[in-house]
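To start, the structure itself, in structure tokens.
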Amino acid sequence: MYNPQLTSDGQLRHLLSVEGLPKKILSQILDTAESFVGVAEREVKKVPLLRGKTVCNIFFENSTRTRTTFEIAAKRLSADVLNLNVNTSSQAKGETILDTVDNLIAMHADIFVVRHKQSGAAHLIAQHVAPHIHVINAGDGRHAHPTQGLLDVFTIRRYKPEMHNLRVAIVGDVLHSRVARSEIHALTTLGVPEVRVIAPKTLLPEHVEKLGVQVFHNMKAGLKDVDVVMMLRLQNERMNGAMLPSAQEYFKTYGLTQEKLDYAKPDAIVMHPGPMNRGVEIDSAVADGNQSVILPQVTYGIAVRMAVMAILAGNSASSIAGNGS
Amino acid sequence: MNLTTISLPDPEQLLTQLAEQLVPVITTNTALVGIHSGGVWIMERLLPLLSKQHTIEYGLLDIAFYRDDFAHRGLRAENKPSQITFDVEDKDIILIDDIFYTGRTTRAAMNELFDYGRPSSISLAVLINRGGRELPIAPQFIGAEIPLQAHQNLQLSRDEQGSFSLALEENLEEKNGKKLNVQSSAH
């Protein structure tokens, strides 16, 4: 089956979603990220891999954390970085996405990091560009956010290396979350035997159990004996109409407090992709508590994004050189 | 030269010879750095032989992010994190590799080392110098000189017990029109 993310010989060409990525490539990304973690701890936090390459961050939708971690990742690989906040630029004057992209290709961009509120935007660009140009999806609509999914799995692997022995709970607004889908795919591909989702029915997509997860509507039952609690942001800005009674009511039932966290294993870790709504989906005491790995997630996000860009840039080398010999 | 007449030395013996050369230069300021993977194996074996007077600091490098052929070959699927936990600043570093060939690996390793700090000196110790360098870089400490041609591939391997063996591969592809490997080995 044709997979636009892979080259004809099965190497990573674009990163559009975690779905459809073989375990071999997921492991390659995580193992390479492991090597980049050490780079950030050195005197000089840079390697020369992407010298002379240009990485373009095109953000059609705001995101400070994702854009800055992509930017710092590209800079630590020695790439030149161009940040385009398209909300405030030519798109406002009526330029199409592909025209924007073509103009950047004319400036010799090598890697595009794309965020868009429409699902499929990164796909569209990937199908448009020449073989030596790579596209990374940094979040498209409700569809996918693969580097976030990968950095979450990377964080889990660092704290809980025995992936085949884990119970992971994803809590909150799964319906509107592109992160949750990426996470579920990455976790199941890497052999995590039990992935749970905990949410009210109104915040779960139909047939969510087909993704291979167990569904809970109650925190006490859902969190029982889990190793990892992955909180999702309550996507207020995406919500049409009243799916929930109120933020306070939500916090009472699904907000993560220490009391609810105590149902999980005593050494369970707490994760959140950010930005957090303190007092809505997570209590401040838990977010800042000693089971929280929310800030390490941000640090590891840089290593994972470095790994993805390094692997992609390396694969344009082998596709140009034929067999890569 | 008739290729089948090359007799390979015993790598265990070369290791002893290399250690004998290194013993006199080791000071309290020396640190050993093995280059992944063969160089790390050699370093692991050298450490007990060299640290009889005092303990020696050591680390390991995977030069994957510093290779000069990344633009042609991309990133290998497997790489190991570099581990330099000591302070590189003002140290006398002995880089260790198994087989010295073009000098490009050594250059990459030196570039990476300097991203950890500014050492006082760097020298290079190798089990075998096979000749064919392409850069003005040469090893100071050498177990054996074995001049080889470009189509020959000398490989060090380590078995489960940790003992070394050498294998020479002749790539006769051009002569015979198809890939054919002739191996000779020494344990």
If I go through the range A:219-248 residue by residue, how many of them are at pLDDT below 95 and open to solvent by 50 Å² or more (accessible area, probe 1.4 Å)?
9
Checked the range A:22-45 for anything under 19 Å from A:GLN148 (Cα atoms) and open to solvent by less than 20 Å² (accessible area, probe 1.4 Å); matches are A:ILE25, A:LEU26, A:ILE29, A:LEU30, A:THR32, A:ALA33, A:SER35, A:PHE36, A:VAL37
Search the range A:147-164 for residues that are farther than 14 Å from A:ASP31 by Cα and pair each with any residue that is part of a helix (DSSP H, G or I) and of a type in the set (Val, Ile, Thr) when their beta-carbon atoms are under 7 Å apart and the residues are at least 6 apart or on different chains.
A:THR147/A:VAL304; A:THR147/A:VAL308; A:GLN148/A:VAL179; A:GLY149/A:VAL179
Conditions: (1) open to solvent by less than 60 Å² (accessible area, probe 1.4 Å); (2) touching a Cys at 6+ places or on another chain (Cβ under 9 Å). A:THR54 meets all but one. Number of the miss?
(2)
Do we have A:HIS176 as surrounded by fewer than 23 Cβ atoms within 10 Å (Cβ to Cβ) and more than 21 Å from the chain's Cα centre (by Cα) here?
no
For the range B:134-154, give me the residue count where each residue is under 23 Å from B:LEU32 (Cα atoms) and either of a type in the set (Val, Ile, Thr) or out of contact with any Leu (no Cβ under 7 Å at 6 or more places or on another chain) (or both).
6
By residue number, the members of the range A:22-60 that are polar (S, T, N, Q), within 14 Å of chain B (Cβ to nearest Cβ) and more than 18 Å from the chain's Cα centre (by Cα) are A:SER35
Is it fair to say A:PHE112 is touching a helix residue (DSSP H, G or I) at 6+ places or on another chain (Cβ under 8 Å), open to solvent by less than 50 Å² (accessible area, probe 1.4 Å), away from chain B (no Cβ under 14 Å) and within 19 Å of A:ASN315 (Cβ to Cβ)?
yes
Strands (runs of 3 or more DSSP E) wholly inside the range B:45-145 containing at least 1 residues that are within 14 Å of chain A (Cβ to nearest Cβ)
B:57-61
Within the range A:140-163, can one find any residue that is open to solvent by 50 Å² or more (accessible area, probe 1.4 Å), in the same structural domain as A:TYR263 (by TED's automatic domain parsing) and aromatic (Phe, Trp, Tyr)?
yes
Could you say whether any residue in the range A:305-322 is modelled with pLDDT of 95 or more, away from chain B (no Cβ under 14 Å) and touching a Phe, Trp or Tyr at 6+ places or on another chain (Cβ under 9 Å)?
yes
Out of curiosity, is A:SER63 closer than 26 Å to A:THR96 by Cβ and either in contact (Cβ under 8 Å) with a residue 24 or more places away in the chain or open to solvent by 50 Å² or more (accessible area, probe 1.4 Å) (or both)?
yes
Picked from the range A:281-293 (must be more than 20 Å from A:GLU34 (Cβ to Cβ) and among the aliphatic types (A, V, I, L, M)), the residue most open to solvent (accessible area, probe 1.4 Å) is A:ALA285
Any pair with Cβ under 7 angstrom, 6 or more apart, that starts in the range A:5-23 at a residue that is more than 14 Å from A:ILE133 (Cα to Cα) and free of Cβ contacts under 8 Å to residues at least 40 places away in the same chain and ends at one that is part of a loop (DSSP other than H, G, I, E, B) and open to solvent by less than 20 Å² (accessible area, probe 1.4 Å)
A:GLY20/A:GLN5
A:GLN118 passes all but one of (1) surrounded by fewer than 24 Cβ atoms within 10 Å (Cβ to Cβ); (2) assigned by TED's automatic domain parsing to the domain that holds A:ASP227; which number fails?
(2)
From the list B:LEU32, B:LEU47, B:LEU22, B:LEU3, which one is among the aliphatic types (A, V, I, L, M), modelled with pLDDT of 95 or more and either under 19 Å from B:ARG130 (Cα atoms) or open to solvent by 10 Å² or more (accessible area, probe 1.4 Å) (or both)?
B:LEU47
All-but-one check, A:GLU19 against (1) in a loop (DSSP other than H, G, I, E, B); (2) open to solvent by 30 Å² or more (accessible area, probe 1.4 Å); (3) at the interface with chain B (Cβ under 9 Å from one of its Cβ atoms), failing number (3)
Restricting attention to the range B:146-161, which residues are out of contact with any Ser or Thr (no Cβ under 7 Å at 6 or more places or on another chain) and either part of a strand (DSSP E or B) or basic (Lys, Arg) (or both)?
B:GLN152, B:ASN153, B:LEU154, B:GLN155, B:LEU156, B:ARG158
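The values are calculated or read from the model by the stated rules, or taken from the named source; none is laboratory data. Everything quoted here is computed from the prediction, not taken from an experiment. Glycine gets a Cβ as well: all are built from the backbone with ideal geometry, and neighbour counts include every protein chain shown. SASA here: full protein model, heavy atoms, side chains in, ligands and nucleic acids out. Shrake-Rupley method; radii C 1.70, N 1.55, O 1.52, S 1.80 Å.
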